[in-house]
1. Would you be able to say whether some residue in region 362-369 is assigned to a helix (DSSP H, G or I) and in contact (Cβ under 8 Å) with a residue 24 or more places away in the chain?
2. Mind listing whichever residues of region 242-256 are surrounded by fewer than 15 Cβ atoms within 10 Å (Cβ to Cβ) and either closer than 26 Å to PHE73 by Cα or in contact (Cβ under 8 Å) with a residue 24 or more places away in the chain (or both)?
3. So for region 328-339 (the condition being in a strand (DSSP E or B) and open to solvent by 30 Å² or more (accessible area, probe 1.4 Å)), does at least one residue qualify?
4. Scan the helices (runs of 4 or more DSSP H) fully inside region 149-220 and keep the ones with 2 or more residues being open to solvent by less than 20 Å² (accessible area, probe 1.4 Å).
5. Identify all residues within region 273-317 that are farther than 19 Å from VAL25 by Cβ and crowded, with 21+ Cβ neighbours inside 10 Å; write none if there are none.
6. Which residue out of VAL114, VAL127 is within 16 Å of the ligand (Cβ to nearest atom) and within 21 Å of the chain's Cα centre (by Cα)?
7. When both residues are 6+ apart or on different chains and their Cβ atoms are under 8 Å apart, which pairs have a first residue that lies in region 34-52 and is free of Cβ contacts under 8 Å to residues at least 24 places away in the same chain, and a second that is more than 8 Å from the ligand (Cβ to nearest atom) and not small (Gly, Ala, Ser)?
Amino acid sequence: MEAYEDMSTHMNSQVKETRPLGLYVHVPFCASTCDFCAFYQEKPRRGDLDRYLKAMEFEFSALPKDRVIETVFWGGGTPGLLSAKDLEQLGCAQLEKINKPPIEWTIEMAPSTVKADKLAVLQDLGVTRISMGVQSFNAQLLASLGRLHQPKQIYKAWERIQAASFPHTNLDLIFGIPNQTLGQWEADIREAASLGPDHISTYCLTFEEDTAMYLKLSQGKVRIDDERDAKFYERGWELLAELGYAQYEISNFAKPKGECRHNLNTWQMHEWLGCGPSAASQYRMQRYQRPSNLDQWLSGVEKKALLREELVDLNDTLLLADGVIFGLRMNAGIDLVELQQRFPMAQEPQRIQGQLKRLCEGELAIKNKNRYCLTQKGQLLADAIAVEFM
Ligand code: SF4
């Protein structure tokens, strides 16, 4: 079994962290593969599901006993694809092994998987947020993303979610879809807001290698239009603000107290543990992930070994840079002095200071006391800015 031991011989900043942890649970099953998807997922087979559920009990039993888990996020894949009984088994196994019920527990569900019996189980378990991957309310755009659901399934699923009355709800939208017009993007935002979730996430379509969308791109069937995407970003930000959703991260918008604490914990470079195939962890100055392969992960667990791949030993220099990169994506920005206090051994902190100064000179960021925030122009260039800090 993996030992989440106290590596107190390591000279670093996170070894002594005592603040609560985030827990990410990966459910790697999807009925079909969306054209844009680069996440690790498999088609569900009963035998695999049973082995997965059993193996997750083992993952949970290895979680550290001396740290509180405050937030939980079940992502995938499609966690909602599990039956009510399987959701209950997975949820009970998790609750049995963590110190106390989490204060925030999110589960991702695809519209076609939202059923009343599953929602009832999730409520009993203490899930606090249902996050539904709507992507678009337009049938044609959904088809071009290779999504299985129809708009009418979104409305049916939403009715069920509302009837169950979870404290928080999120709807995911995608923009920058080939042939999508600005008017269609506005219509999707207005439709999502009209349903009244307290959180909306909007993602610009990306063309990841090994996806059907990437193949279409390489065949010249679709093209990337950065200028159009920038307009979609800006109009989205403006419209969501008008509709009462405050942006707190480049892709995330919430009504008061609707922010996702689990994601904030990650972006603020605190610690989290991931359970399940392909799940990533950042814990005790190491970053790693479980194998992105169900069989490999299962055969490890069945031999009582939790395999770690892509292991990176962290240091304060790396954590400070990542704290700046992810921090700048948030509207609250970063307090550089506070980050430097958290990662005091970081080398060349003046390099980061110089880079931030240049961002301000180029009107990509603004400084207020020790705090730096990106301007709207800077937010549009956040990926390029991140590369500069790496
Ligand atoms: S449902 Fe999500 S994880 Fe599954 S294929 Fe589609 S985008 Fe990927």
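The values are calculated or read from the model by the stated rules, or taken from the named source; none is laboratory data. Everything numeric in this text was worked out from a predicted model, so none of it was measured. Counting neighbours? That spans all protein chains shown, and the Cβs are built from the backbone with ideal geometry, glycine included. All accessible areas refer to the heavy atoms of the entire protein, side chains included, with ligands and DNA or RNA removed. Shrake-Rupley method; radii C 1.70, N 1.55, O 1.52, S 1.80 Å.
1. Looking for residues that are assigned to a helix (DSSP H, G or I) and in contact (Cβ under 8 Å) with a residue 24 or more places away in the chain, one finds none in region 362-369, hence no.
2. GLY244, ALA246, PRO256
3. Scanning region 328-339, I find at least one residue that is in a strand (DSSP E or B) and open to solvent by 30 Å² or more (accessible area, probe 1.4 Å), so the answer is yes.
4. So the answer is 151-164, 182-195.
5. Once the filter is applied, which keeps residues that are farther than 19 Å from VAL25 by Cβ and crowded, with 21+ Cβ neighbours inside 10 Å, region 273-317 yields MET285, ASP316.
6. Within the list VAL114, VAL127, the selection yields VAL114.
7. LYS43/PHE29
Listed here are the residues, each with its yes/no results for (1) surrounded by fewer than 21 Cβ atoms within 10 Å (Cβ to Cβ); (2) among the small types (Gly, Ala, Ser).
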| position | (1), (2) |
| --- | --- |
| VAL72 | no, no |
| ALA84 | yes, yes |
| GLY91 | no, yes |
| LYS97 | yes, no |
| ILE103 | yes, no |
| VAL114 | no, no |
